[in-house]
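Here, each number is a calculation from the coordinates, and none is a lab measurement. Given the structure is predicted, the values throughout are model-derived calculations rather than measurements. Counting neighbours? That spans all protein chains shown, and the Cβs are built from the backbone with ideal geometry, glycine included.
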Amino acid sequence: MNPFERSQIAGFKSAIRTYGQKLIYDGTEFDAIVSRQGPKESETRFTPSDDHDAEITALASSFPGGLPNARDYFTDASGNTYSLMDPVSLPGEPLATWTAKVVSA
């Protein structure tokens, strides 16, 4: 791991302490930062859950069996379910980031 990656991980761990929340994937709890975004003006909203997309970032090492894929999902303690759409980060990076749809809130 190079110095940039070590610094990136240290900064993320600091942000987790302030902004993080617990998510669950495949029965395993992990820490992540969830940035919820409102709907785009051009989108049609049919239900309240259509109101938000999210970007989810976690340490890649939280997934020893391999990173989740599109169409997998995370849940949180509030009952929100995040359906993963696309990975934003590249394989091998220390932080894993996905775009997601909030499918229940």
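Values computed for the structure shown
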| item | result |
| --- | --- |
| Local net charge near THR28, Cβ-Cβ under 13 Å (Lys/Arg +1, Asp/Glu -1) | -3 |
| Rounded to 10°, Cα long-axis angle of helix 3-19 versus longest principal axis of the chain | 50 degrees |
| Options (i) 1.28; (ii) 1.01; (iii) 1.10 - which one matches Cα Rg over 2.2 N^0.38 Å as calculated here | (iii) |
| The chain, relative contact order [Cα under 8 Å, separation at least 6], % | 24 percent |
| Environment charge of THR75, counting only residues whose C-beta is closer than 13 Å and scoring Lys/Arg +1, Asp/Glu -1 | -3 |
| Quotient of C-alpha Rg and 2.2 N^0.38 Å, computed over the stretch 60-105 | 1.17 |
| Dipole of the stretch 3-104, positive direction: furthest Cα of ALA100, THR57, ILE9, with charges on the beta-carbon | ILE9 |
